[in-house]
Amino acid sequence: MSLARPLPVIFFRTSAGNEPVREWLLELTKDEKRLIGEDIKTVQYRWPLGMPLVRHLRDQVYEVRTRLPNRIARTFFFAAPDAIVLLHGIIKKTQQTPADDLALAIKRKNQYIHAHE
């Protein structure tokens, strides 16, 4: 089966209608948004990808690893059968991926899957 390119990007939407990744991106500078967008676009066109741009975390959740001018961003996603679903975004402050952020991304992935069964 050949995937359509680019893969569509879907922003996870909460039951209240919020799109957490879109809201997170709005808090960033124009240059930071552009860099993150370029990395997500690379994933759209070249999925599946691995390190250094994409790293599998757990339970089918991956992170797009974006190096910003003076900090590091992570955009958590999972690959649905026909799209990339953006689940959560953070500015990384420690070496390890925060467990709470990963748990939130996994929870959102499960909610998305359940809502689209």
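Read-outs: derived from the displayed coordinates by stated rules, not from any lab. Everything quoted here is computed from the prediction, not taken from an experiment. Don't worry about glycine lacking a Cβ; one is built from the backbone with ideal geometry, like all the others, and counts go over all protein chains shown.
Please tell me the relative contact order of the chain in percent, rounded to the nearest whole number, where contacts are Cα pairs under 8 Å and at least six residues apart.
It rounds to 26 percent for the chain.
So how strong a dipole does the chain carry about its Cα centre when Lys and Arg Cβ are +1 and Asp and Glu Cβ are -1, to the nearest 20 debye?
Using only the charged Cβ atoms, the result is roughly 300 debye.
Quick check: pseudo-label points 7 Å beyond the Cα along Cα→Cβ at His116 and His56, how many nm apart are they?
Here the answer is 1.9 nm between the modelled labels.
Can you tell me the equivalent ellipsoid semi-axes for the chain? Use √(5λ) from the Cα gyration tensor, largest first, whole Å.
20, 17, 14
Amide H neighbours of Lys92 under 5 Å, counting only residues 5+ apart in sequence or on other chains, H built in-plane at 1.01 Å?
Ile72, Ala73, Arg74
Hey, which aspartates and glutamates would be in cross-link range of Lys30, C-alpha to C-alpha under 15 Å, not counting anything within fewer than 8 residues on its own chain?
Qualifying aspartates and glutamates at Cα under 15 Å: Glu38, Asp39.
Would you kindly calculate the translational diffusion coefficient of the stretch 64-111, applying Stokes-Einstein with the Kirkwood radius from alpha carbon pairs, for 4 °C and a viscosity of 1.567 mPa s, and quote it in µm² s⁻¹ without decimals? Can you show the working numbers first?
Working: Rh = 11.5 Å.
Approximately 113 µm²/s, per Stokes-Einstein.
From the phi of every residue in the stretch 91-103, what ³J(HN,Hα) in whole Hz does the Karplus formula 6.51 cos²θ - 1.76 cosθ + 1.60 yield, where θ is phi - 60° and glycine or proline is x?
Karplus values, whole Hz, x for Gly and Pro: 9, 7, 10, 10, 4, 8, 5, x, 4, 5, 5, 5, 4.
Where in the stretch 76-117 are there trypsin sites (Lys or Arg not before Pro) that are in a DSSP coil and have at most 12 other Cβ atoms within 10 angstrom of their Cβ?
Answer in residue order: Lys93.
For the stretch 2-62, just the Cα atoms, rotate onto the principal axes and tell me the three extents in Å, largest first.
33, 30, 24
What's the Cα-based Rg to Rh of the stretch 43-88, Rh via Kirkwood?
Taking Rg over the Kirkwood Rh, I get 0.96.
Can you list the HN-Hα couplings for the stretch 62-79, worked out from phi with the Karplus curve (6.51, -1.76, 1.60; θ = phi - 60°), rounded to whole Hz and with x for Gly and Pro?
3J(HN,Hα) across the stretch 62-79, in whole Hz: 10, 10, 8, 9, 10, 8, 8, x, 9, 6, 10, 10, 10, 10, 7, 8, 9, 9.
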